[in-house]
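Quick notes on the structure that follows.
The values are calculated or read from the model by the stated rules, or taken from the named source; none is laboratory data. This structure is a prediction, so every number in the text was calculated from the model and none was measured. Don't worry about glycine lacking a Cβ; one is built from the backbone with ideal geometry, like all the others, and counts go over all protein chains shown.
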Amino acid sequence: MSPTVNIKLKFFAYAREMVGEKEMDMELEAGTTVGELFRLLTHKYPGLREMQDHVIIAVNRSTCPLTRELRDGDLVAVLPPVSGG
């Protein structure tokens, strides 16, 4: 059995509408990156694909590169692009 990490996901605005949940817990293989997580989410929730080029993902309240590996207990926020003038 491969080692795993448990994370908490929070979805905001349009992302929350596409997923139908405000938050959820998820178990992932150890070494999963933020980018891989988002690909998993777009596979499960195709509506998120519309956001993929502009989505903001924060881990533990800080934006990070898609290459960041997720760690046990991380809080991951999926935020739609900011709009306005």
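Here are the numbers for the structure shown:
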| item | result |
| --- | --- |
| Qualifying residue in the range 22-31 (condition: at pLDDT below 95 and not basic (Lys, Arg)) | no |
| Residue in the range 3-26 that is within 12 Å of Arg71 (Cβ to Cβ) and in contact with a Pro (Cβ under 6 Å, 6 or more places away or on another chain) present | no |
| Qualifying residue in the range 53-61 (condition: surrounded by fewer than 18 Cβ atoms within 10 Å (Cβ to Cβ), part of a helix (DSSP H, G or I) and either touching a Phe, Trp or Tyr at 6+ places or on another chain (Cβ under 7 Å) or not polar (S, T, N, Q) (or both)) | no |
| Filtered residue count, the range 71-85, keeping only those that are in a loop (DSSP other than H, G, I, E, B) and either surrounded by 10 or more Cβ atoms within 10 Å (Cβ to Cβ) or modelled with pLDDT of 95 or more (or both) | 6 |
| Whichever residue in the range 2-25 is farther than 11 Å from Ala77 by Cα and of a type in the set (D, E, K, R) and, among such residues, is nearest to the chain's Cα centre (by Cα) | Asp25 |
| Residue in the range 22-39 that is in a helix (DSSP H, G or I) and of a type in the set (Ser, Thr, Tyr) present | no |
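Here's the yes/no breakdown for (1) over 10 Å from the mean Cα position of the chain (by Cα); (2) in contact (Cβ under 8 Å) with a residue 12 or more places away in the chain; (3) within 20 Å of Pro3 (Cβ to Cβ):
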residue: Val34; (1), (2), (3): no, yes, yes
residue: Met51; (1), (2), (3): yes, yes, no
residue: Pro65; (1), (2), (3): yes, yes, no
residue: Arg68; (1), (2), (3): yes, yes, yes
